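Beneath this line is the structure, given in structure tokens, with notes to follow.
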Amino acid sequence: MNSLIHPTAVIHPEAELHESATVGPYTVIEAGVRIGARCRVGPHCHILGETQIGEDNEIHAGCVLGDTPQDLAYKDALSSLIIGNGNRIREHVTIHRGTAEGSATRIGDRNFLMAHCHIGHNSVLGNDVIVVNAVLLGGHVEVEDRAFLGGGAVVHQHCRIGTLTILRGLSRISKDVPPYCTVVENNELVGLNSIGLKRAGILPDERARLKTAYALLFNEGLNLTQALEALKKETLTPQVSHLIEFITQSKRGICFARKKPTDLGEEN
């Protein structure tokens with residue numbers, strides 16, 4: 001018996017574990033699973049299906065990875081879950097594999113998935129994403145790099161969450177969230193993620209251009225088509241170009257800025 005695998009763990013002979021991987025008590029790893037070097041799998045986990053886990057991942061107690069999707073359309077298709085390198089997956093996280101034949105749920109590198117969050121079938125997480133406790137992502141959700149999803153936030157299926165976006169805790173998202181923005185409550189933008197932009201090393205001039213772009217898109221009273229056309233005439237940084245591309249490609253529509261009290265007919 002491998003000394004790095006607890007004697008109570010159940011490992012299927014057709015599962016592939018790197019010799020440096022560790023497995024805690026009472027964990028079950030089924031056929032088809034592949035786990036890379038230096039991964040640490042805690043106790044009472046269940047890893048199944050065509051699940052590929054890269055290197056240096058921490059998987060804490062009670063996680064279920066690669067189970068069948070919670071989707072009525074699923075008909076025993078051969079689908080997968082693919083997890084990159086250096087992720088921290090905390091207690092009781094659930095990540096389901098894809099629905100359609102040959103499809104996959106994908107988790108990138110260095111993500112931090114905190115306790116009790118759920119990543120639905122066919123969702124895609126980029127790199128360096130933080131998903132706080134009890135966040136729920138429906139199927140086919142896409143989260144770009146370095147987004148921060150606050151505790152208890154819920155994201156409807158097929159939504160996209162942009163780069164360096166921050167979702168405040170308990171947010172309810174049913175539209176696409178543009179990159180670099182802060183969103184609260186029910187699809188309401190309240191400005192840029194200024195602290196996140198600074199921490200990411202976005203230079204002051206680039207942040208200023210993003211601020212100008214945000215104002216043009218959401219605060220000048222233009223419709224979205226007009227605002228995008230006006231924005232394209234400005235000097236474009238890589239961040240502003242990404243913002244334009246993200247909005248242009250949206251299929252669900254995007255979140256819009258919270259209305260001011262005067263916009264709601266209230267007194268000043």
Quiz item: How high is the relative contact order of the chain, in percent, counting Cα pairs under 8 Å that sit 6 or more residues apart?
Solution: 8
Exercise. Quote to one decimal, in nm, the extra length available between Ala230 and His158 on full extension: 0.36 nm per residue of separation minus the C-alpha distance between them.
Key: 23.1 nm
Practice problem: Can you work out the accessible area per residue across the chain, with the rest of the protein chains kept in place, probe 1.4 Å, in square angstrom? | Solution: 49
Quiz item: Just one of [x] 15.8; [y] 12.9; [z] 18.7 is mean projected area of the Cα convex hull in nm² as worked out from the coordinates here. Which one is it?
Solution: [x]
Quiz item: Counting only protein heavy atoms, what percent of the accessible surface of the chain is carbon or sulfur at a 1.4 Å probe?
Solution: 50
Quiz item: Once you sort the root eigenvalues of the Cα gyration tensor of segment 211-253 as a ≥ b ≥ c, which label holds: rounded (a/c under 1.5), prolate (a/b larger than b/c) or oblate (the other case)?
Solution: oblate
Quiz item: How much length is gained if the chain between Asn186 and Asn2 is pulled fully straight, taking 0.36 nm per residue apart and subtracting their Cα-Cα distance, in nm to one decimal?
Solution: 61.2 nm
Practice problem: Indicate the gyration tensor shape class of segment 1-69 (rounded, prolate or oblate), computed on the Cα atoms with a ≥ b ≥ c the square roots of the eigenvalues: a/c under 1.5 is rounded; otherwise a/b larger than b/c is prolate and the rest oblate. | Solution: rounded
Quiz item: Taking a ≥ b ≥ c as the square roots of the eigenvalues of the Cα gyration tensor of segment 1-117, is the shape rounded (a/c under 1.5), prolate (a/b larger than b/c) or oblate?
Solution: prolate
Self-check item: Segment Leu170-Asn219, length gained on full extension (0.36 nm per residue, minus Cα span)
Solution: 15.2 nm
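The values are calculated or read from the model by the stated rules, or taken from the named source; none is laboratory data. All figures in this text were calculated on a predicted structure; none of them were measured in a lab. The protein model used for the area step is the full one, side chains on, heavy atoms only, and it has no ligands, DNA or RNA in it. Shrake-Rupley method; radii C 1.70, N 1.55, O 1.52, S 1.80 Å.
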